[in-house]
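The values are calculated or read from the model by the stated rules, or taken from the named source; none is laboratory data. It should be emphasised that the depicted structure is a prediction, and the values quoted were computed from it without experimental measurement. Every residue, glycine among them, receives a Cβ derived from its backbone with ideal geometry; neighbour counts consider all protein chains shown. For accessibility, only protein heavy atoms count, side chains too; no ligands or nucleic acids. Shrake-Rupley method; radii C 1.70, N 1.55, O 1.52, S 1.80 Å.
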Amino acid sequence: MSRTDPVPDHPFAPRPGAAGVPQMLARQTSLELRLLLRNGEQLLITLVIPILVLVGVSLVHAVDVGSGRRIDVVTPGVFSLAVLSTAFTSLAIATGFERRYGVLKRLGATPLPRWGLIAAKSATVLVVELGQLLVLAGVASSLGWSPRGSWLELVPLLLVGTAAFSGLGLLMAGTLRAEATLAAANLVWLLLLAGGGIIVPLSRLPAGVAAGLSVLPSAALTEGMRAVLQHGSGLPAGPLVVLAVWALLGVGTASVAFRWE
Amino acid sequence: MRPAYTRSVPAPAVEVIDLVKRYGDLVAVDGLSFEVPAATVTAVLGPNGAGKTSTVECCEGYRRPDRGSVRVLGLDPRRDGHRLRPRVGVMLQQGGIYPTVRAVEMLRHVAGLHAHPLDVDMLVERLGLGATGRTPFRRLSGGQQQRLSLALAVVGRPELVFLDEPTAGLDPQARRATWDLIAQLRTDGVTVVLTTHYLEEAERLADRVLVVDHGRVIAAGSPAELTHREGQGALRFRAPAGLDLASLRAALPDAVTVAESSSGGYEVRGALDPHLVAAVTTWCATHGVMPEGLTLARRSLEDVFLELTGRELR
Ligand SMILES: Nc1ncnc2c1ncn2[C@@H]1O[C@H](COP(=O)(O)OP(=O)(O)O)[C@@H](O)[C@H]1O
Ligand SMILES: [Mg+2]
C-alpha cells in the first residue's frame, strides 16, 4: 500500500496539502477551457460571429475598406475582433457571473492562489485565441487571403493586446453587477466592432476621426495587425505603445478595484 | 514542521476572542468568544440572522473582524490565508460552484488542487452523487447541490472544516448521509465547526453547542450540559384523577414540583435521576396506583432556547 492510501478505518484522517503549482494551473486552465467550450453563447461571440464578419465583409462589397484586396484588409481586422471577443467580452461575462455565483469566493478557499486563478484565466484566453486565429486563418485562406509579414511579429502585439482587453474585462467583471457586465461587455463589443477601427481602416476616415479612434485599443490592435499582415512592414511602435498604456491602465486599475465577492 | 493534529498538547483548532462584526449600524456579531478543541464537533446554533455566517466567515478569512481576535490552527486567517487554505475545508451557506459544471467534474477538480485528496469515487458513493452524471450544477436538486458542496469541503483531507448550514433544506435521507459523514469526520480526527438552526442536529452531532442570538453566545456546553442545566426535566404518567398530591410530594426530594396537569395526567418536574424515578414508582406501589404511560422528558435544546430568549428557535 502506498503512503497516500487513507487508513482503511479512517478514510477522512487529515492529510492536508496543496498540489504543485504547475498542476493547479494546468487543472484550472483545463476546467475553464471545458466550461467555455460548453457555453454556446460564448462560442457564438468568439467564433461564429467573427467567421460571419470575415466571410460577409470580404465577399459583399457593402463597406468601403479602401485599396488592396478586400480579404487582406478584412482578415487582420477579424483577428483583432477575435481577440476583443475572447479577452474582453467573453472573459468579462464569465468572470462576472463567477463572481456573482460565489465561485471566485469559493475558489479563494482552495489552495489555488488568486494569482494562479488569474494566470489560468490568461492561459485560457490565449489558448482560445490561438484556436480562433487558426480557424479564422483557415477560412481566410480558403477565401484567397495571402498574408505578408511574419506570424512571429504578431506575438508581442497579441500578448499586449490581450493584456489590455483582459485588464479592462476584469475591471468590469470585478466592479459591476453580473447583469451590468453582461450588458456592457456586449455593448462595448458591438460599438467597437461598428466604430472602433476594426473593419474600416483608419486611413479611409477623415483625419480628425482617425486620430481620435487610433487611441482605442481595438483600432491600435487592428492597425498593428494590418501593418504586419497586410503591408509586411514589421512591428509598428505606435499601436504597441497605445496597447501597452491600455494594458497598464486596465490591469493596474483592475488589480486595485477588483472585488472578489 | 509537524502538523497540528499530532501535537502532544493539543491547541484549540479555533480560538475566537471578543469578536465584533458590524455592517454599517448593524452589529451582527457582538463580542463573541469561543474555543473549538481539536478533533471535536462544535455546533453554532441560532436562528436566522443570529450572526452565524458572519462569525464563520471571519474564521475563514472572508470577512474582516471589526474587533477581537480570531486564530485558526494557531494562525491569523486573513494574514496567513495561504498557509491555512490547504488545511481548512469550507462549505459556504450557498453558491460557490460554476452553474455549468458537473458534480463529479467539480469534485475531481478540487481534489486535483490538493496533494493527497480523498478517493473521489468513495465520496461520490457515500454522498449519493453517483446519479448526477452530466447534469450541470444549476439543474441539480437543492439536496444534491448541498451534498456536492459538502464533498468539496472535505475532499482535500483537511484538518478542520467549516460547514455553514450543511443540512438546510435536505430531505431526511440526505440529512442522514450528511450526519453520518460528519460523525465519521470526527472519528477520523477532523475538527468540525458547523452552523445550524436545527436543534436535533446540534444535539445529535455536536460535542459542544454554542447557542447564539443577536451576535452573542447565550449558552454554551455539551448538549447534555445544556439540557441538564438546573436539572430540569419532567416525569409524566396517567392514573386515576384526584390522587393525593401532597402525599406524593412529601415522598420526593425537596426541589421537585408535582402537578395534576390535566384530569388524571400527572407531571413531576425537577432533577431527573434514577432515585426520583424510583421514589415516584415506590409511592405508586405503596398506594396501589398503576402509573400508565410513564415517560421521562429531558429538557430539549428547544426548551433551553425558549427559556433563554423567550422565543422559538424557528
Ligand atoms: N454583507 C452584509 N451586509 C450587511 N448586512 C449583513 C451582511 N451579512 C449579514 N448581514 C446581516 O447581519 C446579521 C447576521 O447575519 P448572518 O451572519 O448571515 O446570520 P446567520 O448566518 O446566523 O443567519 C443579519 O441581520 C444580516 O442581515
Ligand atoms: Mg447564515
| remark: Of (1) surrounded by fewer than 22 Cβ atoms within 10 Å (Cβ to Cβ); (2) within 15 Å of ligand 1 (Cβ to nearest atom); (3) within 14 Å of chain A (Cβ to nearest Cβ), B:Ala39 fails just (2)
| task | From the list B:Val90, B:Val101, pick out the single residue that is at the interface with chain A (Cβ under 9 Å from one of its Cβ atoms) and closer than 14 Å to B:Leu160 by Cβ. | result | B:Val90
| query | Here is a list of conditions, (1) of a type in the set (D, E, K, R); (2) within 12 Å of chain A (Cβ to nearest Cβ); (3) not in a helix (DSSP H, G or I), and B:Arg79 meets all of them except one; can you say which number that is? | reply | (2)
| request: Would you check if B:Arg157 is in a helix (DSSP H, G or I) and buried (at least 21 other Cβ atoms within 10 Å of the Cβ)? | output: no
| If B:Ser33 passes every condition in (1) under 22 Å from the mean Cα position of the chain (by Cα); (2) farther than 30 Å from B:Thr135 by Cα; (3) away from ligand 1 (no atom under 16 Å from the Cβ); (4) open to solvent by less than 40 Å² (accessible area, probe 1.4 Å) but one, which one does it miss? | (4)
| Residue in the range B:170-189 that is within 16 Å of ligand 2 (Cβ to nearest atom) and of a type outside the set (Asp, Glu) present | yes
| query | In this structure, is A:Gln28 at pLDDT 95 or above, within 14 Å of chain B (Cβ to nearest Cβ), out of contact with any strand residue (DSSP E or B) (no Cβ under 9 Å at 6 or more places or on another chain) and open to solvent by 60 Å² or more (accessible area, probe 1.4 Å)? | reply | no
| request: Say whether the condition of being open to solvent by 10 Å² or more (accessible area, probe 1.4 Å) and either within 14 Å of chain B (Cβ to nearest Cβ) or touching an Asp or Glu at 6+ places or on another chain (Cβ under 7 Å) (or both) is met by at least one residue in the range A:68-91. | output: no
| remark: Of the residues in the range B:42-73, those that are away from ligand 2 (no atom under 16 Å from the Cβ) and open to solvent by less than 10 Å² (accessible area, probe 1.4 Å) come to B:Val72
| query | Among the residues of the range B:154-166, is there at least one that is within 16 Å of ligand 1 (Cβ to nearest atom) and of a type in the set (Asp, Glu)? | reply | yes
| Counting residues that are closer than 30 Å to A:Ala62 by Cβ, which helices (runs of 4 or more DSSP H) fully inside the range A:101-213 reach at least 1? | A:114-142, A:151-175, A:178-195, A:207-213
| query | So which pairs qualify, if the first residue must be in the range B:195-210 and within 16 Å of ligand 2 (Cβ to nearest atom), the second must be among the acidic types (Asp, Glu) and modelled with pLDDT of 90 or more, the Cβ gap must be under 7 Å, and the two must be at least 6 apart or on different chains? | reply | B:Thr195/B:Asp164; B:Thr195/B:Glu165; B:Thr196/B:Glu165
| request: Could you tell me which of the residues B:Gly74, B:Gly95, B:Gly68, B:Gly49 is within 12 Å of ligand 1 (Cβ to nearest atom) and either within 30 Å of B:Phe305 (Cα to Cα) or more than 10 Å from chain A (Cβ to nearest Cβ) (or both)? | output: B:Gly49
